[in-house]
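Everything below concerns the one structure shown next.
The values are calculated or read from the model by the stated rules, or taken from the named source; none is laboratory data. If you're wondering where the values come from, they're calculated on a predicted model, not measured in any experiment. Reconstructed Cβ throughout: ideal geometry from the backbone, glycine too, with neighbour counts over all protein chains shown. Each accessible area value is taken on the protein alone, full model and side chains, heavy atoms only, with ligands, DNA and RNA left out. Shrake-Rupley method; radii C 1.70, N 1.55, O 1.52, S 1.80 Å.
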Amino acid sequence: MDLDINGLSKARRVVVKVGTSNLTHPNGRMHLGHMEQLVRQLCDLAGGGREVVLVTSAAIAAGMGRLEMTERPPGLAEKQALAAIGQGWLMQSYERLFAEYGVTVAQVLLTREDLEDPERRANAAETMRLLLRWKVVPIVNENDTVANEEIRVGDNDTLSARVADLVTADLLIILSDVDGLYPADPRENRELKPLEAVEELTAEIWRAAGGSGSANGTGGMRTKLAAAEICLARGIPMVIASGQRQGVLAEVVSGHRIPGTLFAPRANKRGVTRDE
Ligand code: GLU
């Protein structure tokens, strides 16, 4: 039997989120090798006929790298200024790498307001629709430079789920430095394996997500579950997998085996249940 878990192989419009920890060295410098691998995989998805949206973090880390700062400053103003330095550099790097494969990219910077105010949301949706029609890969980040506490989403896991909803994606893949959601802290028990599939965010699942995150990023498992909550409600399958795994994107969209944790909605966004 040709297994296609949750119809993932048929996902036409795919949003991929990559975190700071995947794109930077532990000292905060950009990891060019990881970026290159990611871009090659995204271009393969696009080459195979899928529409691809990238939600990327690491503007702040890239800004830190440019200024040779080794510790993420706690203040919002400093982070905003660093993002202004790093975002341009980040885009320039992506542009150069995507251009090697003949793929055009576009920068899309959003805040929560843009996704919630009906008129701004409709504008953003229309822009994304056109970019995808033109076979351009939108590269999305939060507009950190202007986003204060009131108007920002705050973390790119949640942002990626909101973007997946905005473009009515068929799949969201969150690439992380861990290979899925573990039933308990894997650093305390090395025997543990990530959960294969989650259909409902029970109290037990939230407990499993615990707290924490890496030193250079914003999200931890809890923000990933917040993203899953949005995706499950919208009928969009979501996968958490390791960004370090070779060929991870192709493996997910093969639909044969999920190299991580799948958050599987009972019904997809068209209201068709999985068993139909
Ligand atoms: N928007 C932030 C950045 O580009 C990252 C937020 C996050 O990692 O969730 O640095």
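Scan region 1-26 residue by residue and report those that are assigned to a loop (DSSP other than H, G, I, E, B), more than 24 Å from Val136 (Cα to Cα) and either within 16 Å of the ligand (Cβ to nearest atom) or among the hydrophobic types (A, V, I, L, M, F, W, C) (or both). Give the derivation first.
Just the residues of region 1-26 that are assigned to a loop (DSSP other than H, G, I, E, B), to begin with: 1-4, 11-12, 19, 25-26.
Then keep just the ones that are more than 24 Å from Val136 (Cα to Cα); that gives 1-4, 25-26.
Listed by number, the residues that qualify are Met1, Leu3, His25, Pro26.
Just a yes or no: is a residue in region 230-237 modelled with pLDDT of 80 or more, within 15 Å of the ligand (Cβ to nearest atom), assigned to a helix (DSSP H, G or I) and surrounded by 13 or more Cβ atoms within 10 Å (Cβ to Cβ)?
Within region 230-237, the first condition is being modelled with pLDDT of 80 or more, and the residues that meet it are 230-237.
If we keep only those that are within 15 Å of the ligand (Cβ to nearest atom) as well, we get 230.
Going one step further and asking which of them are assigned to a helix (DSSP H, G or I), we end up with 230.
Of the ones still in play, those that are also surrounded by 13 or more Cβ atoms within 10 Å (Cβ to Cβ) are 230.
Checked region 230-237: at least one residue is modelled with pLDDT of 80 or more, within 15 Å of the ligand (Cβ to nearest atom), assigned to a helix (DSSP H, G or I) and surrounded by 13 or more Cβ atoms within 10 Å (Cβ to Cβ).
The rows are residues; the columns are (1) free of Cβ contacts under 8 Å to residues at least 60 places away in the same chain; (2) over 25 Å from His34 (Cα atoms); (3) within 16 Å of the ligand (Cβ to nearest atom).
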{"residue": "Val136", "(1), (2), (3)": "yes, no, no"}
{"residue": "Val146", "(1), (2), (3)": "no, yes, yes"}
{"residue": "Val153", "(1), (2), (3)": "yes, yes, yes"}
{"residue": "Ala161", "(1), (2), (3)": "no, no, yes"}
{"residue": "Leu175", "(1), (2), (3)": "no, no, yes"}
{"residue": "Asp179", "(1), (2), (3)": "no, no, no"}
{"residue": "Lys193", "(1), (2), (3)": "yes, no, no"}
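Answer yes or no as to whether Gly47 is of a type outside the set (A, V, I, L, M, F, W, C) and within 22 Å of Ala147 (Cα to Cα).
For Gly47, the condition - of a type outside the set (A, V, I, L, M, F, W, C) and within 22 Å of Ala147 (Cα to Cα) - is not met.
Picking from Val18, Val14, which residue would you name as being closer than 15 Å to Leu132 by Cβ, buried (at least 20 other Cβ atoms within 10 Å of the Cβ) and either hydrophobic (A, V, I, L, M, F, W, C) or in contact with an Asp or Glu (Cβ under 9 Å, 6 or more places away or on another chain) (or both)? Walk me through it before giving the result.
Numbers: Val18 fails: closer than 15 Å to Leu132 by Cβ.
When all the criteria are applied, what remains is Val14.
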Within region 261-276, how many residues turn out to be at pLDDT 95 or above and not aliphatic (A, V, I, L, M)?
2
Pick out the one residue from Leu38, Leu115 that is assigned to a helix (DSSP H, G or I), modelled with pLDDT of 95 or more and within 24 Å of Val252 (Cβ to Cβ).
Leu38
Filter region 120-134 down to the residues that are out of contact with any Leu (no Cβ under 9 Å at 6 or more places or on another chain) and open to solvent by less than 30 Å² (accessible area, probe 1.4 Å), then identify the one that is nearest to the ligand (Cβ to nearest atom).
Leu131
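Condition check ((1) open to solvent by 30 Å² or more (accessible area, probe 1.4 Å); (2) away from the ligand (no atom under 16 Å from the Cβ); (3) over 24 Å from Ala161 (Cα atoms)) across all residues:
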| site | (1), (2), (3) |
| --- | --- |
| Val53 | no, no, no |
| Gly88 | yes, no, no |
| Gln92 | yes, no, yes |
| Tyr101 | yes, yes, yes |
| Ala106 | no, yes, no |
| Pro118 | yes, yes, no |
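Name the residues in region 65-83 that are within 11 Å of the ligand (Cβ to nearest atom) and in contact (Cβ under 8 Å) with a residue 40 or more places away in the chain, would you?
Answer for region 65-83, where residues must be within 11 Å of the ligand (Cβ to nearest atom) and in contact (Cβ under 8 Å) with a residue 40 or more places away in the chain: Arg72, Lys79, Gln80, Ala83.
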More than 16 Å from Val140 (Cα to Cα), in a helix (DSSP H, G or I), open to solvent by less than 60 Å² (accessible area, probe 1.4 Å) and within 13 Å of the ligand (Cβ to nearest atom): does that describe Ala62?
no
